[in-house]
Structure formats: structure tokens, C-alpha cells
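> What follows is a structure written as C-alpha cells; I'll ask about it next.
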Amino acid sequence: MSGPLDQLLGTWSGTGSGHYPTIAPFGYSEEITFAAVPTKPFLAYQQRTRHATEDRPLHAESGYWRWVGDGLTIEVVLAHPTGIAEILEGRVHPVAGGFDLDLASRTIALTTTAKDVRTTSRRFELRGDELRYEVAMGSVGLPLQPHLVAVLQRR
């Protein structure tokens, strides 16, 4: 089923950097895959990162990105192996050569041992075969603030 997120189909890889007041700044490499689910209005999503200099796993998440209603409203459901589940919602804004997408957390569920993440937001900018994103996080008693930025290329 074709939708506004079809431009994301495939595998993306690149590099990014992260920081937060409670951790040391870090660099990472990343791979994201968006896969079609035949006859369904959503894409399956998998993300993996590795430390830039130590080449050890850092983070992973998986889930689904779906379009609803007018086709420009997006709902994202993500699971993290650290005991966090995120539900984000936002809107696609078409632009020449791609789109912008701003997502904000609607719900975050935590296991009893998960880091205390209270809110997140994600901004994506797709232009042709380049995908840029920024992630903000409100965690461990701190307000929502920048956490990650990355630039990925379609492989």
C-alpha cells in the first residue's frame, strides 16, 4: 500500500553525535532500515548504532511507522531493548525532493529498570537520498533538550 513514507523505503547508513548533561559526548555510526508491509499502511523499522571509535553496539530500536487519516498524519511505535516503549505522533510536510517530519511523544512506557525517560521529540528532513534527524529527550529529571543528530545516506 503506497503512502507518504514510501520515500524512506530501503536501508540508510551514516554517522551522528550525541550529548546530554548526564553523559559524555559521543559519536556513532548508524544503520536504519524501512521495509514495506504488503497491503498495510505502515513501514517496519529497525535501527542500530555502534560507537564511532570503539565499534561496540550502542543502541537499537524497532517498530512501525504508519500513516493515518489524511495520509500526512504519522504514528510511530518504537520498542527499545532498554525497557522503553515510545509512541510518537506528527505530520509530514512535503517539500521539493522529500519531506520534513516533526514527531512528539504521546506516550512513553518504562519497565521498572529503564532509564527515566519522560518525553521525546524527533525531527526528520528527507531530501533525495539524504536523511537528517535530530532527537530531543527529557530524562532523569531534566527537561526536553537536544540529544542526537545524524546524517544518513540511502544505500
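> Can you confirm whether residue 62 is loosely packed, with under 14 Cβ neighbours inside 10 Å, at pLDDT 95 or above and closer than 18 Å to residue 123 by Cα?
Numbers: loosely packed, with under 14 Cβ neighbours inside 10 Å: no; at pLDDT 95 or above: yes; closer than 18 Å to residue 123 by Cα: yes.
No: the conditions fail for residue 62.
> Something else now. Within region 2-13, does at least one residue satisfy the condition of being surrounded by 12 or more Cβ atoms within 10 Å (Cβ to Cβ) and on the phi > 0 side of the Ramachandran plot? Can you show your working first?
Residues of region 2-13 that are surrounded by 12 or more Cβ atoms within 10 Å (Cβ to Cβ), as a first pass: 3-13.
Then keep just the ones that are on the phi > 0 side of the Ramachandran plot; that gives 10.
Among the residues of region 2-13, at least one is surrounded by 12 or more Cβ atoms within 10 Å (Cβ to Cβ) and on the phi > 0 side of the Ramachandran plot, which makes the answer yes.
> Turning to a different aspect of this structure: Quick one: which residue in 77, 92, 140, 135 is surrounded by 14 or more Cβ atoms within 10 Å (Cβ to Cβ), touching a residue at least 12 places away in the same chain (Cβ under 8 Å) and under 20 Å from residue 18 (Cβ atoms)?
Numbers: 77 fails: under 20 Å from residue 18 (Cβ atoms); 92 fails: under 20 Å from residue 18 (Cβ atoms); 140 fails: surrounded by 14 or more Cβ atoms within 10 Å (Cβ to Cβ).
Criteria check complete, one pass: 135.
> Further question: If we scan region 20-27, do we find a residue that is crowded, with 18+ Cβ neighbours inside 10 Å, in contact (Cβ under 8 Å) with a residue 12 or more places away in the chain and either within 21 Å of residue 81 (Cβ to Cβ) or of a type outside the set (A, V, I, L, M) (or both)?
So in region 20-27, the residues crowded, with 18+ Cβ neighbours inside 10 Å come out as none.
Within region 20-27, none of the residues are crowded, with 18+ Cβ neighbours inside 10 Å, in contact (Cβ under 8 Å) with a residue 12 or more places away in the chain and either within 21 Å of residue 81 (Cβ to Cβ) or of a type outside the set (A, V, I, L, M) (or both).
> If residue 54 meets every condition in (1) within 24 Å of residue 115 (Cα to Cα); (2) touching a strand residue (DSSP E or B) at 6+ places or on another chain (Cβ under 8 Å); (3) without any contact (Cβ under 8 Å) to a residue 60 or more places away in the chain apart from one, which number is that one?
(2)
> Is there a residue in region 16-23 that is modelled with pLDDT of 95 or more, of a type outside the set (A, V, I, L, M), farther than 25 Å from residue 155 by Cβ and touching a His at 6+ places or on another chain (Cβ under 6 Å)? Reasoning before the result, please.
Restricting attention to region 16-23, the residues satisfying the condition of being modelled with pLDDT of 95 or more are 16-23.
Then drop every residue that is not of a type outside the set (A, V, I, L, M), which leaves 16-22.
This time we only want the ones that are farther than 25 Å from residue 155 by Cβ, so: 19-22.
Of the ones still in play, those that are also touching a His at 6+ places or on another chain (Cβ under 6 Å) are 20.
Scanning region 16-23, I find at least one residue that is modelled with pLDDT of 95 or more, of a type outside the set (A, V, I, L, M), farther than 25 Å from residue 155 by Cβ and touching a His at 6+ places or on another chain (Cβ under 6 Å), so the answer is yes.
> So, in region 65-74, exactly how many residues are part of a loop (DSSP other than H, G, I, E, B) and either modelled with pLDDT of 95 or more or surrounded by 16 or more Cβ atoms within 10 Å (Cβ to Cβ) (or both)? Quick ask: steps written out before the conclusion?
Applying the first criterion (part of a loop (DSSP other than H, G, I, E, B)) to region 65-74 yields 69-72.
After this cut, where a residue has to be either modelled with pLDDT of 95 or more or surrounded by 16 or more Cβ atoms within 10 Å (Cβ to Cβ) (or both) as well, the list is 72.
The qualifying residues number 1.
> Within region 91-114, is even one residue under 20 Å from residue 3 (Cβ atoms), among the β-branched types (Val, Ile, Thr) and over 11 Å from the mean Cα position of the chain (by Cα)?
Yes, the conditions are met somewhere in region 91-114.
> I'm trying to understand the selection: among the residues of region 1-34, which are of a type in the set (Gly, Ala, Ser) and more than 17 Å from residue 56 (Cα to Cα)? Show your work before the answer.
Restricting attention to region 1-34, the residues satisfying the condition of being of a type in the set (Gly, Ala, Ser) are 2-3, 10, 13-14, 16-18, 24, 27, 29.
The answer is 2, 3, 10.
> Right, something else. In the list 62, 121, which residue meets the criterion of being under 21 Å from residue 10 (Cβ atoms), of a type in the set (Gly, Ala, Ser) and touching a strand residue (DSSP E or B) at 6+ places or on another chain (Cβ under 6 Å)?
On the way: 121 fails: under 21 Å from residue 10 (Cβ atoms).
62 is the lone residue from the list that is under 21 Å from residue 10 (Cβ atoms), of a type in the set (Gly, Ala, Ser) and touching a strand residue (DSSP E or B) at 6+ places or on another chain (Cβ under 6 Å).
Okay, residues lined up against (1) basic (Lys, Arg); (2) more than 13 Å from the chain's Cα centre (by Cα); (3) assigned to a loop (DSSP other than H, G, I, E, B):
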{"site": "15", "(1), (2), (3)": "no, yes, no"}
{"site": "31", "(1), (2), (3)": "no, no, no"}
{"site": "39", "(1), (2), (3)": "no, yes, yes"}
{"site": "44", "(1), (2), (3)": "no, no, no"}
{"site": "47", "(1), (2), (3)": "no, no, no"}
{"site": "54", "(1), (2), (3)": "no, yes, yes"}
{"site": "61", "(1), (2), (3)": "no, no, no"}
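The values are calculated or read from the model by the stated rules, or taken from the named source; none is laboratory data. Just so we're clear, the structure is a prediction, and the values are computed from it rather than from any experiment. Positions of Cβ are generated from backbone atoms using ideal geometry, with glycine treated the same way; all protein chains shown enter the neighbour counts.
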